[in-house]
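Visitor: After the structure tokens below, expect a handful of questions from me.
A short reminder: the numbers here are calculations on the coordinates, not readings from a lab. Keep in mind that what you see is a predicted model, and the values were worked out from it rather than measured. Cβ placement follows ideal geometry from the backbone for every residue including glycine, while neighbour counts extend to all protein chains displayed.
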Amino acid sequence: MKNFPKGLLITLLTLSIAGCYQATSNEPALEMTKPVKIVRYEANPSSTPFQFLGEVSATQTTPISFRLGGEVIDIHVEMGQQVNKGQLLATLDKTDYQLQLQSKTAEFDLAKSQYLRAKRMAKQKLISKDAFEQTLTRYQSAQAELEQAQTDLSYTEIHAPFSGEISLRFVQPYQLVAPQQPIFNLVDTSSYEVVVAVPVTTAHKLMGREYSLSFELDGVPDKPMQAKIKEVSSQPDKDTNSYQVTTEIFDQNVPLLPGSSGRLTVHFPAESLDHTHISESAWITIETDQQHAKGELWVFDEETSRVEKREILIDKTTGELSGLKDGEFIVESGVHSLVEAQRVRPWTRERGI
């Protein structure tokens, strides 16, 4: 070793080190694994339309009756008949009321004649002030009684207060009826409503959200009709723990009958995409039109730890989302810096940050 040339030793060391560097450079470079925020997609149960059983009723249903008692002489309409506002429906025997009117007319004419005579005499100071005022009082009383007799005679007829359908008839011709006794039941067929019971828990889910309503008859399930909320009870029913919600059907496309049953459906729009529970930062691209929302997401594969670009389609009418399964993982941040099949790992917040 003492006689080993020093220069040769340095040369050998240099070649050895160079060989080590060359061997290292031939190894494949390690792939970088990028940390990203990954979330599990869960289909939002509340985006599924809610449905409630309900029964159709007319918005306006009124029992029709005479204000006076008497014998029903004429019934001019039948059950199920459509009538117009102001149409004559039934008539009482007018004999007694006509005689009463004739009597009150004669009394009024006499009182009026006496009043006019007393008025002329009072101007000439031929009668006292008290005598004139007594004549005036009799005249005013006779006038009021005449007007009441005229009103009573008019009450022997009943007319439709609004256009609609005679749903029920309770009396027959020549039947004696009492004042305010129901004669007909009149239904406004131009407007119907549906009353449903909405559980308290469901009502809380609907608060602050946009939605639309439709109603389908059990017998005609393929023809939904638009509806809107008319009124909501201020407090829930103690027995059912639900709110009473009255909705009005304003897009009637099939014949409706009071008492018909059906389903009221609550639909959620997809314009905001909030109901999908997908953050806006997760979308690589997103485009919307009147019917659909279309976009792209990075889907994370647990087995390979790589991402896959996935096209997602959302139906705005039904709120249905396609292209992503319940339980799959999606990237929620840094989506614009990723490439197809890139290896990633879930980002975790460090302690103290």
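Visitor: Between LYS94 and LEU116, what FRET efficiency follows from the Cβ-Cβ distance if R0 is 30 Å, with the result rounded to 0.05? Please list the in-between numbers first.
Guide: Numbers: r = 31 Å, r/R0 = 1.04.
It comes to 0.45.
Visitor: Moving to a separate point now. Ranked from highest to lowest mean number of other Cβ atoms within 10 Å per residue, what is the order of the peptides 155-162, 124-131, 96-103? Show your work: numbers first, answer last.
Guide: Details: 155-162: 16.5, 124-131: 10.4, 96-103: 14.9.
Sorting 155-162, 124-131, 96-103 by mean packing, highest first, produces 155-162, 96-103, 124-131.
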